[in-house]
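Enquirer: The structure is given below, and queries will be raised subsequently.
The values are calculated or read from the model by the stated rules, or taken from the named source; none is laboratory data. Model, not experiment: these values are computed from the prediction. A quick note on method: Cβ atoms are made from the backbone with ideal geometry, for glycine too, and the neighbour counts reach across all protein chains shown. Heavy atoms of the whole protein, side chains included, go into the accessibility calculation; ligands, DNA and RNA do not. Shrake-Rupley method; radii C 1.70, N 1.55, O 1.52, S 1.80 Å.
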Amino acid sequence: LLPLLLFLVLIEVGASPHSQNIVVGYDRGEQDCIISAEAALLQEKVNMAISSRKSEPMTIEPRDYFFGNTSFVIGNAENFHLSSPNGSLTTFWFCVKAGFVVQGSINVSVTNITVDFLPTLAQGTLVSLSQDQTSFVAAFDNRFRLPDYSLDFFFAQPYNTSIKIAFWANKSLAMIRNSSVPGAINMFMKESSLLFSNTTDNTSLYNITMNFPIPTDRVPLPLLQQPGVMVTVFPRGGQHSLLINNSTNTVIDNVSIFGGSSMGVVDMMGGGNTSFSNFKIARRPFSQSMLSKLKKGTSFAKRRNDVMMRLMSTNADGVHSTNNMHGPSIVESEISFTGDDLGNICCGMNIVLNVSFPKSTDENGTMTVFMMDNGHNLAQTAPGDIVTFYHLNSLAFQTNGTVVSIAVTTDPSVLRFAHESRNILAQTPYDAVFQDAAFRSDMSVYHLTLSNVDAPGAVAPLWSISTLSSSSNSHAVVRNNHIHDGYARVWIVKTSLSSYTNNLMERSGGIHIGPEQTWCEGNPGESFVTVANNLFHLIGTPPVSIQPSLLQNHAALTIRNNTIV
């Protein structure tokens, strides 16, 4: 009752809510996200060093570099090494539309760098909860973003398709979740309305309506009724904090990520073999003095010089590695406080649209297939790549073949069928429902000719799904890390010949081993996976789950000597 009375008093004494002058501490407009002269000069120097092809390490001055909505890019580099003598004093700052990018490079190393963002989420204190648990009122800190599509582009289209919600305990600052749940919390904002803006304490009172009631089996209701519960509301879809794209043998050492509008790391579509050591994705306090240093002479410098405790690091996954030839190595590192899975090492799967066979008996073992690029990896396929086919639903092995040729198709009838296929697959007899990420509107369809196909008759339109050897992302190593406090699962294991050993995993969902058809992610033939000598603390029951198809396919899995504490 008391929170509700407080709410009524605030509304009665305040002026019209929408007439309030809300002062914010984030990048509401492009004027707050223009690259600084120092950052622009650093990018120019890096470009020149890359062009010179010199192998000497490039050491940069320890300071804050404000890139705003301009990504910092190490592009088309070879044997390039960037470092700072003091990582804690060298921060690359970004707004939601930009990040640190390594693109099309070989043998790049980055050492002693911090990556951080201006606030990427709304954060505040819970005031009241509706009786049916479908909405709540919270006082949001104006120095963060505000959950308001009319004020903040990051809460409007196209970012508003998945705006998540998390509640946090006041004293421990830990996410409120049922420790026995092995999966994600998954609470989503449907809409919001501004009720009152209080300039005295720099907060704005909002009513947040959710897509469905709070799942009390995953978020215990009594814990939400404790005083001082905090809340975060966070979109996703900005730039990843660190994007490593189409690169090989990248080394990330003593690099910290303390913010992000999407995933912390995306490592994708290259030779891979990325090495992370002494690496950190975590939360750290965010003070107005940080903003003052970045934007001297602007309105930022006039705001209160106090500390804002940020509850989260990134708005989505911590580490997401996909479609590389060789998986990453992550050792002696910390990954924590993420808005989705703490880690996911996977590869893509693609659905077969059509199949044809040669008429000549001299070409036995040859077939032509049309495949959708659901797994986002067909563009990197080349002759000699091995395509392996599995049954759409059971994920049982069918056959494999060698790529002879591949091209994007422009056949209108094929493209039309591809556009219709998602709805067809959702119905009987297929009964296969897919996430939006597996059926993007700009998805291409490829025409592949294959040879050495042992059982071409096993492959059938829409009933077959495939993987590629060149993007298997195998041989991943995750060892001696502290991985904790995630919104969803602590790790998703979807590739072969990988090991997860000697890690401390805490306060999150559990480990999932196996492909996920709905995302078109993973290898149905996944095998030779080791999960051993780890400490598990509050990561759900069971702490390790295995996709049943792996057992049916007789996968070699070693799960041993793990301790639940």
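Enquirer: Given the condition open to solvent by less than 20 Å² (accessible area, probe 1.4 Å) and under 20 Å from residue 437 (Cα atoms), answer yes or no: does some residue in the stretch 212-234 qualify?
Expert: Step one: filter the stretch 212-234 for residues open to solvent by less than 20 Å² (accessible area, probe 1.4 Å), giving 214-215, 219, 224, 229, 231-234.
From what's left, under 20 Å from residue 437 (Cα atoms): 234.
Looking for residues that are open to solvent by less than 20 Å² (accessible area, probe 1.4 Å) and under 20 Å from residue 437 (Cα atoms), one finds at least one in the stretch 212-234, hence yes.
Enquirer: Something else about it: Could you grab me the full set of residues in the stretch 444-459 that are under 16 Å from residue 349 (Cα atoms), open to solvent by less than 30 Å² (accessible area, probe 1.4 Å) and over 26 Å from the mean Cα position of the chain (by Cα)? If you could, list the steps in order and put the result at the bottom.
Expert: At the first step, the residues of the stretch 444-459 found to be under 16 Å from residue 349 (Cα atoms) are 444-448, 459.
Filter once more, so that each one left must be open to solvent by less than 30 Å² (accessible area, probe 1.4 Å): 445-446, 448, 459.
If the condition is that a residue be under 16 Å from residue 349 (Cα atoms), open to solvent by less than 30 Å² (accessible area, probe 1.4 Å) and over 26 Å from the mean Cα position of the chain (by Cα), then 446, 448, 459 are the ones that fit.
Enquirer: Only one residue in 411, 385 is open to solvent by 60 Å² or more (accessible area, probe 1.4 Å) and either of a type in the set (Asp, Glu) or on the phi > 0 side of the Ramachandran plot (or both), so which one is that? Don't jump to the end; show me each part of the working.
Expert: Details: 385 fails: open to solvent by 60 Å² or more (accessible area, probe 1.4 Å).
After ruling out the rest, the residue left standing is 411.
Enquirer: Could you tell me how many of the residues in the stretch 385-394 are over 14 Å from residue 472 (Cα atoms) and touching a strand residue (DSSP E or B) at 6+ places or on another chain (Cβ under 7 Å)? Before you say what the answer is, go through the steps one by one.
Expert: Looking only at the stretch 385-394, we keep the residues that are over 14 Å from residue 472 (Cα atoms), and these are 390-394.
Among the residues that remain, those that are also touching a strand residue (DSSP E or B) at 6+ places or on another chain (Cβ under 7 Å) are: 390-392.
Total satisfying the criteria: 3.
Enquirer: Further, regarding this structure: So which residues in the stretch 53-97 are closer than 13 Å to residue 117 by Cβ and of a type in the set (Lys, Arg), if there are any at all?
Expert: Once the filter is applied, which keeps residues that are closer than 13 Å to residue 117 by Cβ and of a type in the set (Lys, Arg), the stretch 53-97 yields only 97.
Enquirer: Test of understanding: among 96, 115, which residue is under 18 Å from residue 267 (Cβ atoms) and either surrounded by 18 or more Cβ atoms within 10 Å (Cβ to Cβ) or more than 26 Å from the chain's Cα centre (by Cα) (or both)?
Expert: Details: 96 fails: under 18 Å from residue 267 (Cβ atoms).
Selected residue: 115, the only one of 96, 115 that is under 18 Å from residue 267 (Cβ atoms) and either surrounded by 18 or more Cβ atoms within 10 Å (Cβ to Cβ) or more than 26 Å from the chain's Cα centre (by Cα) (or both).
Enquirer: Separate question: Going by the structure shown, is residue 43 open to solvent by less than 80 Å² (accessible area, probe 1.4 Å) and modelled with pLDDT of 95 or more? Before you say what the answer is, go through the steps one by one.
Expert: Values: open to solvent by less than 80 Å² (accessible area, probe 1.4 Å): yes; modelled with pLDDT of 95 or more: yes.
So residue 43 passes the test.
Enquirer: Can you tell me which residue in the stretch 497-519 is farthest from residue 469 (Cα to Cα), limited to those that are open to solvent by 20 Å² or more (accessible area, probe 1.4 Å) and outside any strand (DSSP E or B)? Spell out the reasoning first.
Expert: Within the stretch 497-519, the subset open to solvent by 20 Å² or more (accessible area, probe 1.4 Å) is 497, 499, 501-502, 504, 506-507, 512, 516-519.
After this cut, where a residue has to be outside any strand (DSSP E or B) as well, the list is 497, 502, 507, 517-519.
On the way: 497: 13, 502: 29, 507: 35, 517: 18, 518: 21, 519: 19 Å.
This residue is 507.
Enquirer: What are the residues in the stretch 428-443 that are closer than 21 Å to residue 549 by Cβ and within 30 Å of the chain's Cα centre (by Cα), if any?
Expert: Going residue by residue through the stretch 428-443, those that are closer than 21 Å to residue 549 by Cβ are 428-435, 437-438.
Scanning the stretch 428-443 gives 430, 431, 432, 433, 434, 435, 437, 438.
Enquirer: Sort through 549, 527 and tell me the only one that's farther than 17 Å from residue 343 by Cα and buried (at least 21 other Cβ atoms within 10 Å of the Cβ). Write out each step before concluding.
Expert: Working: 527 fails: buried (at least 21 other Cβ atoms within 10 Å of the Cβ).
Going through 549, 527 in turn, the sole match is 549.
Enquirer: Looking only at the stretch 409-427, decide whether some residue is under 26 Å from the mean Cα position of the chain (by Cα), at pLDDT 95 or above and in a loop (DSSP other than H, G, I, E, B).
Expert: Yes: one or more hits.
Enquirer: So which residues in the stretch 274-283 are over 19 Å from the mean Cα position of the chain (by Cα) and either open to solvent by 40 Å² or more (accessible area, probe 1.4 Å) or modelled with pLDDT under 95 (or both)? Can you show your working first?
Expert: Kept after step one, since they are over 19 Å from the mean Cα position of the chain (by Cα), are these residues of the stretch 274-283: 277-278.
The one that is over 19 Å from the mean Cα position of the chain (by Cα) and either open to solvent by 40 Å² or more (accessible area, probe 1.4 Å) or modelled with pLDDT under 95 (or both): 278.
Enquirer: Which numbered condition trips up residue 372, out of (1) of a type outside the set (Lys, Arg); (2) at pLDDT below 75; (3) out of contact with any Asp or Glu (no Cβ under 9 Å at 6 or more places or on another chain)?
Expert: The number of the failed condition is (2).
Enquirer: Within the stretch 250-266, restricting attention to residues that are surrounded by 24 or more Cβ atoms within 10 Å (Cβ to Cβ) and out of contact with any Gly (no Cβ under 9 Å at 6 or more places or on another chain), which residue is modelled with the highest pLDDT?
Expert: Looking at the filtered set, the residue picked out is 252.
To keep it simple, each residue is scored yes or no on (1) more than 24 Å from residue 547 (Cβ to Cβ); (2) touching a helix residue (DSSP H, G or I) at 6+ places or on another chain (Cβ under 6 Å); (3) not aromatic (Phe, Trp, Tyr).
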position	(1), (2), (3)
448	yes, no, yes
453	yes, no, yes
463	no, no, no
466	no, no, yes
477	no, no, yes
481	no, no, yes
487	no, no, no
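Enquirer: Among what's in the stretch 50-77 and is in contact with a Gly (Cβ under 9 Å, 6 or more places away or on another chain) and open to solvent by less than 10 Å² (accessible area, probe 1.4 Å), pick the residue that is nearest to residue 32 (Cα to Cα). Show your work before the answer.
Expert: Going residue by residue through the stretch 50-77, those that are in contact with a Gly (Cβ under 9 Å, 6 or more places away or on another chain) are 50, 62, 67, 71-72, 75-77.
From what's left, open to solvent by less than 10 Å² (accessible area, probe 1.4 Å): 67, 72, 77.
Numbers: 67: 11, 72: 17, 77: 30 Å.
That would be 67.
Enquirer: Just to check your reading of the model, which residue among 400, 354 is in contact with a helix residue (DSSP H, G or I) (Cβ under 8 Å, 6 or more places away or on another chain), farther than 27 Å from residue 245 by Cβ and not acidic (Asp, Glu)?
Expert: 354
Enquirer: Could you please let me know if residue 441 is closer than 24 Å to residue 347 by Cβ, buried (at least 17 other Cβ atoms within 10 Å of the Cβ), among the polar types (S, T, N, Q) and out of contact with any Cys (no Cβ under 6 Å at 6 or more places or on another chain)?
Expert: Values: closer than 24 Å to residue 347 by Cβ: yes; buried (at least 17 other Cβ atoms within 10 Å of the Cβ): no; among the polar types (S, T, N, Q): yes; out of contact with any Cys (no Cβ under 6 Å at 6 or more places or on another chain): yes.
Taking the combined requirement at face value, the residue does not satisfy it.
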